[in-house]
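These notes are about the structure you will find just below.
The values are calculated or read from the model by the stated rules, or taken from the named source; none is laboratory data. Note that the structure is predicted; figures quoted are calculated from it, not measured. We place every Cβ from the backbone using ideal geometry, glycine too, and count neighbours over all the protein chains shown.
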Amino acid sequence: MRPGLFRWIMNLWPPYRGAGVRVREIAPDWRYVRVDLVATLLNRNYVGVHFGGSLFSMADPFLMLMYIKALGPDYVVWDHSASIRFVRPGRGTVTAEFRLDEAMLEEVRAATSAGERYLKTHVVEVFDQQGELVARIERTVYVRRKAPVHDGAGSSDSGR
C-alpha cells in the first residue's frame, strides 16, 4: 500500500479519529512518520490536558509497520511491548516522529541472519508546540527472519 493512501486510511480509522490522532507524513520509503495529537474536548482528561491513552496510542503501530515495509517479506515483525513515561502535561497539539535509518536496519538484519529473534527498542519522544517534552514512549519490536521456503524441486531432502 502506498504511504499516502495508508495515511489517509489511518486518519479515517475510528480509534485514531476519536482520539484526535492525525498522521501528518509518511515518507515514500516508510522510514519516517510524523503523527500529531490535536487537543479536543473528546481527548482531554479531568484536569483539561491530553488523555494519557491518546498520547500512548499515537505511537502505535508505526514502528512495526516501518520495519515490515523496510525489511520486506522475508521477515516476521510484531509489536512486542511498550511503556510510557509522562513528563509534563500535554496541551494543544503534540507531535511524535519515528525514524529508521540504514544502520538500524543493518543491526536487525545482522542479529536475525541465522533465524534468531531480535527485540529492538526505540524511544519515541512526544513534544508540544513549544518544543517541550511531554512524554517518552518506549516501543519494542520483535523481528525474526523467516525460514526459507523450499519447493522440493531438485532437492535431495524433499521427503520423497
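For the condition under 17 Å from the mean Cα position of the chain (by Cα) and within 21 Å of LYS120 (Cα to Cα), what is the one hit in ASP36, ASP29?
Answer to the check: ASP29.
So in segment 103-148, with the set limited to residues that are part of a helix (DSSP H, G or I) and of a type in the set (A, V, I, L, M), which one is farthest from HIS80 (Cα to Cα)?
Looking at the filtered set, the residue picked out is ALA103.
Filter segment 93-102 down to the residues that are surrounded by 15 or more Cβ atoms within 10 Å (Cβ to Cβ) and not in a loop (DSSP other than H, G, I, E, B) and list them by number.
If the condition is that a residue be surrounded by 15 or more Cβ atoms within 10 Å (Cβ to Cβ) and not in a loop (DSSP other than H, G, I, E, B), then VAL94, THR95, ALA96, GLU97, PHE98 are the ones that fit.
What about ALA70, is it closer than 24 Å to GLU25 by Cα, in a strand (DSSP E or B) and among the aliphatic types (A, V, I, L, M)?
no
Please identify the pairs in which a residue from segment 128-139 that is acidic (Asp, Glu) has its Cβ atom under 7 Å from the Cβ atom of a residue that is buried (at least 20 other Cβ atoms within 10 Å of the Cβ) and at pLDDT 95 or above, counting only partners at least 6 apart or on another chain.
Partner pairs satisfying both residue conditions: ASP128/VAL94; ASP128/VAL134.
Does any residue in segment 8-31 that is under 16 Å from LEU100 (Cβ atoms) come within less than 8 Å, Cβ to Cβ, of a residue that is assigned to a loop (DSSP other than H, G, I, E, B) and of a type outside the set (Val, Ile, Thr) six or more places away or on a different chain, and which pairs are these?
TRP30/LEU100; ARG31/LEU100; ARG31/ASP101
Is segment 104-123 home to any residue that is touching a strand residue (DSSP E or B) at 6+ places or on another chain (Cβ under 9 Å), β-branched (Val, Ile, Thr) and surrounded by fewer than 17 Cβ atoms within 10 Å (Cβ to Cβ)?
There is at least one residue in segment 104-123 that is touching a strand residue (DSSP E or B) at 6+ places or on another chain (Cβ under 9 Å), β-branched (Val, Ile, Thr) and surrounded by fewer than 17 Cβ atoms within 10 Å (Cβ to Cβ).
Count, please, the residues in segment 73-92 that happen to be assigned to a loop (DSSP other than H, G, I, E, B) and either surrounded by 15 or more Cβ atoms within 10 Å (Cβ to Cβ) or in contact with a Ser or Thr (Cβ under 8 Å, 6 or more places away or on another chain) (or both).
Counting residues in segment 73-92 that are assigned to a loop (DSSP other than H, G, I, E, B) and either surrounded by 15 or more Cβ atoms within 10 Å (Cβ to Cβ) or in contact with a Ser or Thr (Cβ under 8 Å, 6 or more places away or on another chain) (or both) gives 2.
Do you know which of the residues in segment 25-59 that are in a strand (DSSP E or B), touching a helix residue (DSSP H, G or I) at 6+ places or on another chain (Cβ under 8 Å) and not hydrophobic (A, V, I, L, M, F, W, C) is modelled with the lowest pLDDT?
HIS50
From the list ALA59, ALA70, ALA111, which residue is among the small types (Gly, Ala, Ser) and either under 21 Å from ARG22 (Cα atoms) or touching a residue at least 60 places away in the same chain (Cβ under 8 Å) (or both)?
Only one candidate qualifies: ALA59.
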